[in-house]
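Have a look at the structure below, then the notes.
FYI, it's all coordinate maths here, none of it is from the lab. Keep in mind that this is a model prediction, so the values were computed, not measured.
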């Protein structure tokens, strides 16, 4: 199974909206601090709603462990794949907490594999609360053997 379309669309729509908002702002607006924050907040709110709904729908559909792992890997990879996306990067890092419902769909072995990869991808010095929360959830699931 490929990553559910709704999850992929949430990310692509968000990145397009953030890029469009940056491109459409006039230079004077940026200098004076006008306009950008409201557009960014709306993009971020829309992203949170879309991603949360997509993940919840995916988890409710009862994916196999492999399907859940594939969706989680996709979500985890978006931040580093878009490191130069300015403000979007930070939201992509925070978006990991919205993937928590999928952790329950993993087998303990798949959770252990993802945990090892996740800890390597996000070393302790680069972790934010979202990554700490994800590591705790993956650790708990991996220990459920």
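Considering only alpha-carbon pairs that sit under 8 angstrom and 6 or more positions apart, the relative contact order computed for segment 5-142 is 24 percent. On a 0 to 90° scale, report how tilted helix 65-81 is relative to the longest principal axis of the chain, with both axes built from alpha carbons and the result rounded to the nearest 10. On a 0 to 90 degree scale, this one is about 30. The calculated 222 nm mean residue ellipticity attributable to helices in the chain amounts to -24000 deg cm²/dmol, summing -39500 (n - 2.57) over DSSP H runs of n ≥ 4 and dividing by all residues. Here volume of the Cα convex hull per residue in Å³ was calculated from the structure, and among [x] 125; [y] 140; [z] 101 it sits at label [z].
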